[in-house]
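The values are calculated or read from the model by the stated rules, or taken from the named source; none is laboratory data. What you see is a predicted model; the values in this text were computed from it and never measured. Cβ atoms come from the backbone with ideal geometry, glycine included; neighbour counts cover every protein chain shown.
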Amino acid sequence: MADNGFAAQLAQDLDAGDLRTVLAVFRQDVDRLTGMLDSNLAAGDIVAFRRTCHALAGAAGAVGAAALEQACRLGMMRADLGPAQLPALHGEIRACSAAALDEATAFLATLPPK
């Protein structure tokens, strides 16, 4: 993954319990916000899409998921973003979201049980 292990980097600063909490909140945020992006895409609502990208970039930035944050920032700032560009950008953000969640899940599996 392009952001070189954001979960492992978080683990340097957090104990296992706090890490579980942070990654659980991250998962909830990503699930909720990518669902909103799906709705924004279906409605062709570029303003809402940009706003949701902003929120998702914040969630990604908070944990250090750089690839997801970068894809979302592109959605926020891309000057030519219109209905024709939304599907590809949505797909990129969805792919980065899935990769970040996969990384978080894989890392959590390496932690000792509670």
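Can you tell me which residue is surrounded by the most Cβ atoms within 10 Å (Cβ to Cβ) among those in region 61-96 that are among the aliphatic types (A, V, I, L, M) and closer than 14 Å to ARG27 by Cα?
LEU68
Looking at region 42-53, can you tell me whether even one residue there is out of contact with any Leu (no Cβ under 6 Å at 6 or more places or on another chain) and among the polar types (S, T, N, Q)?
No: zero hits.
From (1) small (Gly, Ala, Ser); (2) modelled with pLDDT of 95 or more; (3) surrounded by 12 or more Cβ atoms within 10 Å (Cβ to Cβ), pick out the condition that doesn't hold for GLY35.
The one condition GLY35 does not meet is (3).
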